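Here the structure comes first, spelled out in structure tokens, and everything after it is commentary.
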Ligand SMILES: [Fe+2]
Ligand SMILES: [Fe+2]
């Protein structure tokens, strides 16, 4: 038996992601303490019974959990890091194969969630473009109340907490585009190249979007690390990375990146408005102001130059792009829901921030920011969100990170076959 295989739960349909209509039925609920909310296998005679953490109302996905998403996020960070040849590369390769199987299971579960809706999308060019553009108005997570609240009401601490989550979940749009364009047909490849060149500031380091985002991380004095990030945000980044790095999901990735361009302007404008209200300068708001405008053009170009010729050439790509777009929007929707409840509860702790933001920013000290919010979070969080803890010092974070890696190695999950 493969090391990660847990044979079907007694009396249930197989739970391998490819075969599951999602949710195992006879799952035993357990409460565990400590680091990894991991799935355990208890073997009784010939039967294997998967035991996993569930909460009332929480889907018992083995992938939509804190421990799995953190493990996948650490693995992505390590495997994409430029490195050097190492003596034990075979061990790394074994681990990569194992993680790729799990990553594939995760993606297949996300695909299954949207498959019906994606299959209903038109596959003719005009029909598909119209369907795709309609996602801006009625796609999952669109017009979430979180963004007007950020624009009009959130205080500085709340906005910083939101931004930290978003920055930690940012997979690097430029690299996703770069990885997606490999071996694409000429016209889509050219459009991805133009988009990438904009991400690169058209050759000017000061205009590069990634460093622009990093500058805001410094301005807001946030520390976007995996350990302080909700699994929903990590799942979004992990899903985008999985689509961009696995060629079998290349068209899903084109759809997912395209829907970011389609939907980012409104969210960016709301965030920029919140920053402006709190006294941040034009320069400090630049990343969001820029994307509120530039992505409108990027979206038009992407739809016309990448999506249209791709579908003209092969209508099957429409369904794949629909899947990718819906996966991205569903992941985003899960983030907004996870952000919204604690953020709104914390709303009563708002303080008057307009006009004093510049002074406050200078006084910001790491981890002094949102005790009330984090208390709210901790009390309301599910088991797999429990480890969000802003009070840990850097040494504790490093320890948690090392433990995460071990936990990732120890994950016992249904073999996604
Ligand atoms: Fe950008
Ligand atoms: Fe863009």
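Every read-out reported here was derived from the displayed coordinates using simple, explicitly stated rules and does not represent laboratory data. The structure displayed is predicted, hence computed values, not measured ones. When we count neighbours, we look across all protein chains shown, and the Cβ atoms used for this are built from the backbone with ideal geometry, even at glycine.
A few remarks follow.
- Residue-normalised convex hull volume from the C-alpha trace of the stretch 83-207: 223 Å³ per residue.
- Between the stretch 90-130 and the stretch 183-207, the Cα center-to-center distance that results, in Å: 24
- Our estimate of slack between residue 130 and residue 296, defined as 0.36 nm per intervening residue step minus the Cα-Cα distance, is 58.2 nm.
- Residues 146, 93, sorted so that the one with the fewest Cβ neighbours within 10 Å comes first: 93, 146
- Fewest-first ranking of 131, 161, 231, using other Cβ atoms within 10 Å as the exposure measure: 131, 161, 231
- Theoretical gain in end-to-end length, residue 206 to residue 189 [0.36 nm per residue, Cα-Cα removed]: 3.6 nm
- Segment residue 214..residue 79, full-extension length gain: 46.5 nm, with 0.36 nm per residue of separation and the alpha-carbon distance subtracted.
- Distance (nanometres) between label positions extended 7 Å along Cα→Cβ at residue 182 and residue 223: 3.5
- Whole-Å distance, taken between Cα centres, linking the stretch 215-271 and the stretch 301-319: 22
- Separation in nanometres of the label points that stand 7 Å from Cα toward Cβ, at residue 314 and residue 91: 4.0
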